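Taking it in order: structure first as structure tokens, then the write-up.
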Amino acid sequence: MERPLVPLGRPRAERADAKRNRLRLLAVAREMVAEHGTANVTMDALAERAGLGKGTVFRRFGTRAGIFKALLEDEASRFQELVLAGPPPLGPGAGPAERLIAYGRVRIEFLIDNLAVAQAAMERDRGLPVAEVDMTHTHFRMLLARADLGIADLDSLALQLSAALEGPLLLFLSSPQDAEPPAAEIERRLADAWQALIERLFRMDAPPES
């Protein structure tokens, strides 16, 4: 069994009514985003549509950006479950190179599919949200150790790979949504470049061709 990608402490028990309200708010927020995009999702509108008091919404999310952060975190937890226990190559059962490639491709798809939500989650005074970076680094470190590439400083290599994956994605998140080329083309190019990087890394210890 694999260890968790991010160290998890014992969470405080959530009251049944608080959990019910949280799930209700997240479900309604998803509906509103799907129907009208992120622009019309406000604290007041979410409270009204969910049939809950404004105070409940403010206590749960804090700010409007907090609504979208919560949506991203909920989706990220699903992604983590797939990494930990889903089918290979993203989940256990494939080799380190295959899992690194799959992780990068799915991560790129995840962020670009959630582009509008991720942009709406940006706090004006805090810049870009860096979701799952700790998870990414820890996962990469574990896979690199299993690969036995003969590289001594795996922590630094995992950090560099995390930056190579996350950096272009975060730059893309900060760009206008109507930027060219379209999102699908950017996703393909980033995913192909990530795969080429991992394939090149795993050929480093191969004997040179004569």
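Give the long-range amide H neighbours of residue 202: residues separated by 5 or more places, or on another chain, with amide H under 5 Å away, using H modelled in the peptide plane at 1.01 Å from N. Close amide H contacts, sequence-distant or interchain: none at all. Here the label points at residue 98 and residue 78, each 7 Å from Cα along the C-beta direction, are separated by 2.5 nm in the simple model. The C-alpha atoms of the stretch 16-62 occupy a region whose extents along the principal axes are 30, 17, 16 Å, arranged from largest to smallest. On the basis of the beta-carbon distance and an R0 of 22 Å, residue 109 and residue 63 show a calculated FRET efficiency of 0.20. Backbone geometry of the stretch 81-87 corresponds, through the Karplus equation with coefficients 6.51, -1.76 and 1.60 at θ = phi - 60°, to 3J(HN,Hα) couplings of 4, 5, 5, 6, 9, x, x Hz, x marking Gly and Pro.
Taken along the Cα-to-beta-carbon direction at a fixed 7 Å, the label points for residue 183 and residue 49 span 1.7 nm.
On full extension, the segment bounded by residue 193 and residue 35 gains 53.5 nm, given 0.36 nm per residue less the C-alpha separation. Say a paramagnetic label sat at a point 7 Å from the Cα of residue 200, along Cα to Cβ; which residues of the stretch 90-118 have their backbone N under 18 Å from it? So the set is 97-98, 100-102, 104-105.
Rule-based calculations on the coordinates, nothing more; no lab input. If you're wondering where the values come from, they're calculated on a predicted model, not measured in any experiment. So basically every Cβ, Gly included, is an ideal-geometry build from the backbone, and we count neighbours across all protein chains shown.
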